[in-house]
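Trainee: Sending over a structure as structure tokens; questions will come in a sec.
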Amino acid sequence: MPAARNVPSLWRPSMFAFTWQLSTWLGWSLVVLSVVALSPSTLEAMGAPLAMVAGIIVLSELRPVVMSRVEGNPVSISLAFVFAAMYVWGPAPALGLMAGAVILSELLQRKPVWKLMFNVGQYSISVAAAWLVLVVAGATASPFTPMDGLTIADLPWVVLSWAVYHVVNVGLVAGLAHSDGETWWQSFTDEFWFYTVSGAAVLALSPIIAVVLLTGSNAWILLPLLLLPLLAVQRAAQMSRENERQAMHDPLTGLPNRALLADRIEQALARGTRQHGRVTVLFLDVDLFKVVNDSLGHAAGDRLLVEMATRLGHFLRPGDTLARFGGDEFVIVCDDVPEDEVAGLVDRVTEALSDPFEFEGRAVTVTASIGIAVAGDTTDADTLLRDADAAMYRAKAAGRNQAIVFDQGMHDQAAARLEAEFGLRRALEKGELRVYFQPVIDLHTESTVGFEALVRWKHPVLGLLSPDEFVAVAEETGLIVPLGEWVLHQSLRQTAQWRATIPGSQDLWVAVNLSARQLRAPNLVQMLTEALSEVDMPPSAVRLEITESVVMDEIGPTIAALDSIRSLGISLAVDDFGTGYSSLSYLKSLPVTTIKIDRSFVDGLGGTDPSAPALVDAIISMARALDLEVIAEGVETPAQARTLRQLGARVAQGYLWSRPIEAARVPEWLTQHAPVTTRA
């Protein structure tokens, strides 16, 4: 029997109250009349067979058969014995047995009193309605005049009694629909066929039980044998239920998984449509979870996820869903959350994670980035999850430990990212990418000492695109790895050619940017070795540039990767220095050879910012103390170049000398700005 989820007033006028009052009073009246009718002589007439049936009913309630169904009420075989008793001895013992079975079942399931009262009443009314079919068919019986037998001719009224019982049963339960915002018809049809099939499977046993009871010669002693196939069915159903639960739940936390989550969201959306409520989804991603795994081990990471699931579950309301989406991601689905309570919901999530997690004497504090999406009139489960996921990524990009509500602009941005990803894959396949080279200048001789290789995308529709317009997408999708490898090979090939063919260019070097994903690639050293061997160029002519934020992310693995690169003889530069959060102790431990002063510091040189020269001077002095080369980026005016020379900087690049140029123009540039050879 499907159960109502909420408890409105039992007395305020409503369909719920009317159905509850009618079922409870009328049903219990039938039970009382039946119990009164079961006099000692009546019980004696039914004797041991009745006791056997009652014992089997008690056993069946203690071990109910549960059909293959993740959620829902168990289907007890008691119903078959109740109907058999009705066929053989009439309504009084049947109603008494049914009331006893329901009371025992409700107590075992710890249901509230109002549900116990209602279920006893509505089941009793349903059995009484089935009895009326027997009355119309003229097939009534009593304890003193039992039915004399069942034949194939009795099958129509037997089946009709099942149908009447089922329709009345489901119809009365549907009368409670308004407590959950449904109409009577919606509730009636919601799970009608599930309970039709499961109920019919049980009721089909009732004629067999009745025949055994009517056979005589103590044949009723064989009734327990009927439990053997039923127990086999129960075991099969239990295994099916366990398999279904495993398929629908996360094995680590026991929470619903993606499949069940989608179903829960669809159900919530259906209820929201009926109730005109708002379905809100929170998509949580644990910040820096990989650090926990790397530092404390995967076992500690698993324990953290389990503890998080427990904490988050404590603040949920009845009816809300907490699911593990995968990895370190959780999803919370809430029905009917007013707009002004969303912030409070986020605060409760944050509060649940605020206390440190204890692992073997170590306290670990974690935060979460949260994306929030609110369902619209035409939203489906996939769209709601997609929107919440997009908002979560925006929260992470904004600095983590934040909550952001999805807006349409995020969807448009996500669509643009997807389009850019497809276009970028095409660009790699069809050769639409180009490598441009920006000269790096010796401030004292104005000669070219090297180039920084910068990728451009010659889009067939949008024209030439700068890295700012597609590198972020490449990083997110992983395309940065093949893209970066292609840029490296192209840059080395071109530079080797210039070194070999252009007079005075023997010491020319090239700098290539290295992304976070490339730095973590397991085959990075092998790829660099192969690239160098293909062009016969010394490693000292190659510089790899890594941004300060990449250097400081996961410092241990980063240092190991950089050491491997330096072991090849390749120079390393920290790009955009001064914009991140590296400390002197970390910088000293890094195997870098160069720092590049970010253009934000250079912009203030030449009189526009009185504090800028002091800051740049401090960076240059620090680099000199650590024996590091300095390159100033973004030099655009002669005044900036002059100040850099005065502060002791030796090398710079910027629009003052040249924008990034195509490879075909580099020979002409080098002819006009010949490098100064440092070889003996």
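The values are calculated or read from the model by the stated rules, or taken from the named source; none is laboratory data. Because the structure is predicted, anything quoted here is derived from the model rather than measured. Positions of Cβ are backbone-derived with ideal geometry, glycine not excepted, and every protein chain shown enters the neighbour counts. Quick note on the areas: whole protein, heavy atoms, side chains included, nothing else; ligands and nucleic acids left out. Shrake-Rupley method; radii C 1.70, N 1.55, O 1.52, S 1.80 Å.
Trainee: Does residue 126 fit the bill of being modelled with pLDDT under 90, touching a helix residue (DSSP H, G or I) at 6+ places or on another chain (Cβ under 9 Å), open to solvent by less than 20 Å² (accessible area, probe 1.4 Å) and closer than 20 Å to residue 23 by Cβ? Steps first, answer last, please.
Mentor: Values: modelled with pLDDT under 90: no; touching a helix residue (DSSP H, G or I) at 6+ places or on another chain (Cβ under 9 Å): yes; open to solvent by less than 20 Å² (accessible area, probe 1.4 Å): yes; closer than 20 Å to residue 23 by Cβ: yes.
Considered against the rule, which asks whether it is modelled with pLDDT under 90, touching a helix residue (DSSP H, G or I) at 6+ places or on another chain (Cβ under 9 Å), open to solvent by less than 20 Å² (accessible area, probe 1.4 Å) and closer than 20 Å to residue 23 by Cβ, residue 126 comes out as no.
Trainee: Has the stretch 366-377 got any residue that is under 18 Å from the mean Cα position of the chain (by Cα) and modelled with pLDDT under 85?
Mentor: No: the stretch 366-377 contains no residue that is under 18 Å from the mean Cα position of the chain (by Cα) and modelled with pLDDT under 85.
Trainee: A further question follows. Which residue pairs have Cβ atoms closer than 7 Å, lie 6 or more positions apart in sequence or on different chains, and pair a first residue in the stretch 335-358 that is over 13 Å from residue 308 (Cβ atoms) and β-branched (Val, Ile, Thr) with a second residue that is outside any helix (DSSP H, G or I) and open to solvent by less than 60 Å² (accessible area, probe 1.4 Å)?
Mentor: Listed by first residue and then by second, the contacts come to 337/280; 342/280; 342/372; 346/370; 346/403.
Trainee: Please work out which one of (1) open to solvent by less than 30 Å² (accessible area, probe 1.4 Å); (2) part of a helix (DSSP H, G or I); (3) farther than 24 Å from residue 451 by Cα is the condition residue 614 fails and give its number.
Mentor: (1)
Trainee: Looking at residue 551 and the list (1) modelled with pLDDT of 90 or more; (2) of a type outside the set (D, E, K, R); (3) buried (at least 21 other Cβ atoms within 10 Å of the Cβ); (4) closer than 30 Å to residue 650 by Cβ, which single condition is not satisfied?
Mentor: (1)
Trainee: Pick out the one residue from 481, 449, 487, 455 that is surrounded by 17 or more Cβ atoms within 10 Å (Cβ to Cβ), within 23 Å of residue 542 (Cα to Cα) and free of Cβ contacts under 8 Å to residues at least 40 places away in the same chain.
Mentor: Values: 481 fails: free of Cβ contacts under 8 Å to residues at least 40 places away in the same chain; 449 fails: free of Cβ contacts under 8 Å to residues at least 40 places away in the same chain; 487 fails: free of Cβ contacts under 8 Å to residues at least 40 places away in the same chain.
After applying the criteria, what remains is 455.
Trainee: Which one is surrounded by the most Cβ atoms within 10 Å (Cβ to Cβ) among residues in the stretch 585-602 that are touching a Leu at 6+ places or on another chain (Cβ under 7 Å), outside any loop (DSSP other than H, G, I, E, B) and not aliphatic (A, V, I, L, M)?
Mentor: Only one residue fits best here, namely 601.
Trainee: From the list 434, 456, 417, which one is among the basic types (Lys, Arg) and more than 38 Å from the chain's Cα centre (by Cα)? Give the derivation first.
Mentor: Values: 456 fails: more than 38 Å from the chain's Cα centre (by Cα); 417 fails: more than 38 Å from the chain's Cα centre (by Cα).
Answer to the check: 434.
Trainee: Does the stretch 255-269 contain any residue that is among the β-branched types (Val, Ile, Thr) and within 19 Å of residue 352 (Cα to Cα)? Talk me through it step by step, then tell me what you get.
Mentor: The first filter runs over the stretch 255-269 and keeps only residues among the β-branched types (Val, Ile, Thr), leaving 265.
Next, from what is left, pick out any that are within 19 Å of residue 352 (Cα to Cα): none.
No.
Trainee: Same structure, new question: Of 416, 395, 420, which residue is in a helix (DSSP H, G or I) and surrounded by fewer than 17 Cβ atoms within 10 Å (Cβ to Cβ)? First the steps, then the outcome.
Mentor: On the way: 395 fails: surrounded by fewer than 17 Cβ atoms within 10 Å (Cβ to Cβ); 420 fails: surrounded by fewer than 17 Cβ atoms within 10 Å (Cβ to Cβ).
Within the list 416, 395, 420, the selection yields 416.
Trainee: If you don't mind, there's one more thing I want to ask. In this structure, does residue 372 turn out to be hydrophobic (A, V, I, L, M, F, W, C), open to solvent by less than 20 Å² (accessible area, probe 1.4 Å) and touching a Phe, Trp or Tyr at 6+ places or on another chain (Cβ under 7 Å)? Give the derivation first.
Mentor: Working: hydrophobic (A, V, I, L, M, F, W, C): yes; open to solvent by less than 20 Å² (accessible area, probe 1.4 Å): yes; touching a Phe, Trp or Tyr at 6+ places or on another chain (Cβ under 7 Å): yes.
Taking the combined requirement at face value, the residue satisfies it.
Trainee: May I ask you to say which residue of 670, 605, 626 is without any contact (Cβ under 8 Å) to a residue 60 or more places away in the chain and surrounded by 18 or more Cβ atoms within 10 Å (Cβ to Cβ)? Can you show your working first?
Mentor: Details: 670 fails: without any contact (Cβ under 8 Å) to a residue 60 or more places away in the chain; 626 fails: surrounded by 18 or more Cβ atoms within 10 Å (Cβ to Cβ).
Exactly one of 670, 605, 626 is without any contact (Cβ under 8 Å) to a residue 60 or more places away in the chain and surrounded by 18 or more Cβ atoms within 10 Å (Cβ to Cβ), namely 605.
Trainee: Could you please find all residues in the stretch 524-539 being open to solvent by less than 80 Å² (accessible area, probe 1.4 Å) and either under 15 Å from residue 560 (Cβ atoms) or in a helix (DSSP H, G or I) (or both)? Let's see the steps before the verdict.
Mentor: Within the stretch 524-539, the first condition is being open to solvent by less than 80 Å² (accessible area, probe 1.4 Å), and the residues that meet it are 524-525, 527-529, 531-532, 535, 537-539.
If the condition is that a residue be open to solvent by less than 80 Å² (accessible area, probe 1.4 Å) and either under 15 Å from residue 560 (Cβ atoms) or in a helix (DSSP H, G or I) (or both), then 524, 525, 527, 528, 529, 531, 532, 535, 539 are the ones that fit.
Trainee: Would you be able to tell me the number of residues in the stretch 587-615 that are at pLDDT below 85 and under 20 Å from residue 543 (Cα atoms)?
Mentor: Within the stretch 587-615, residues that are at pLDDT below 85 and under 20 Å from residue 543 (Cα atoms) number 4.
Trainee: Take residue 352 and tell me if it is open to solvent by 10 Å² or more (accessible area, probe 1.4 Å) and part of a helix (DSSP H, G or I). Working first, answer last.
Mentor: On the way: open to solvent by 10 Å² or more (accessible area, probe 1.4 Å): yes; part of a helix (DSSP H, G or I): yes.
When the stated conditions are applied, residue 352 passes them.
Trainee: Restricting attention to helices (runs of 4 or more DSSP H) lying wholly within the stretch 72-180, give those where 2 or more residues are under 30 Å from residue 270 (Cα atoms) and touching a residue at least 60 places away in the same chain (Cβ under 8 Å). Please lay out each step first, then the result.
Mentor: On the way: elements: 78-89, 91-108, 113-137, 155-174.
Here the list reads 113-137, 155-174.
Trainee: Could you check residue 466 against (1) touching a helix residue (DSSP H, G or I) at 6+ places or on another chain (Cβ under 7 Å); (2) of a type in the set (Ser, Thr, Tyr); (3) over 27 Å from residue 558 (Cα atoms) and say which number it fails?
Mentor: Status for residue 466: all satisfied but (1).
Trainee: Being over 30 Å from residue 145 (Cβ atoms) and open to solvent by less than 60 Å² (accessible area, probe 1.4 Å) is the filter; apply it to the stretch 11-44 and report the residue that is modelled with the lowest pLDDT. Outline the logic, then answer.
Mentor: Taking the stretch 11-44 as the starting set, the residues that turn out to be over 30 Å from residue 145 (Cβ atoms) are 11-25.
Those left that are additionally open to solvent by less than 60 Å² (accessible area, probe 1.4 Å): 14, 16-17, 19-21, 23-24.
Details: 14: 81, 16: 85, 17: 87, 19: 90, 20: 92, 21: 92, 23: 92, 24: 94.
Out of the qualifying residues, it is 14.
Trainee: In the set 302, 294, 263, 250, which member is surrounded by fewer than 17 Cβ atoms within 10 Å (Cβ to Cβ) and in contact with a strand residue (DSSP E or B) (Cβ under 9 Å, 6 or more places away or on another chain)?
Mentor: On the way: 302 fails: in contact with a strand residue (DSSP E or B) (Cβ under 9 Å, 6 or more places away or on another chain); 294 fails: in contact with a strand residue (DSSP E or B) (Cβ under 9 Å, 6 or more places away or on another chain); 250 fails: surrounded by fewer than 17 Cβ atoms within 10 Å (Cβ to Cβ).
Every option except 263 fails the conditions.
Trainee: Among the residues of the stretch 632-648, how many are touching a Gly at 6+ places or on another chain (Cβ under 7 Å) and crowded, with 23+ Cβ neighbours inside 10 Å?
Mentor: From the stretch 632-648, those touching a Gly at 6+ places or on another chain (Cβ under 7 Å) are 633-637, 639-640, 643; that's our starting set.
Narrowing further to those that are crowded, with 23+ Cβ neighbours inside 10 Å: 635, 640.
Within the stretch 632-648, residues that are touching a Gly at 6+ places or on another chain (Cβ under 7 Å) and crowded, with 23+ Cβ neighbours inside 10 Å number 2.
Trainee: Among the residues of the stretch 435-445, is there at least one that is touching a residue at least 40 places away in the same chain (Cβ under 8 Å) and in a helix (DSSP H, G or I)?
Mentor: Our first condition is that a residue be touching a residue at least 40 places away in the same chain (Cβ under 8 Å); within the stretch 435-445, this holds for 435-445.
Narrowing the set further to residues that are in a helix (DSSP H, G or I) leaves none.
No, the conditions are met nowhere in the stretch 435-445.
Trainee: A follow-up question, please. Could you figure out which of (1) in a helix (DSSP H, G or I); (2) open to solvent by 20 Å² or more (accessible area, probe 1.4 Å); (3) farther than 30 Å from residue 258 by Cβ isn't true of residue 427?
Mentor: (2)
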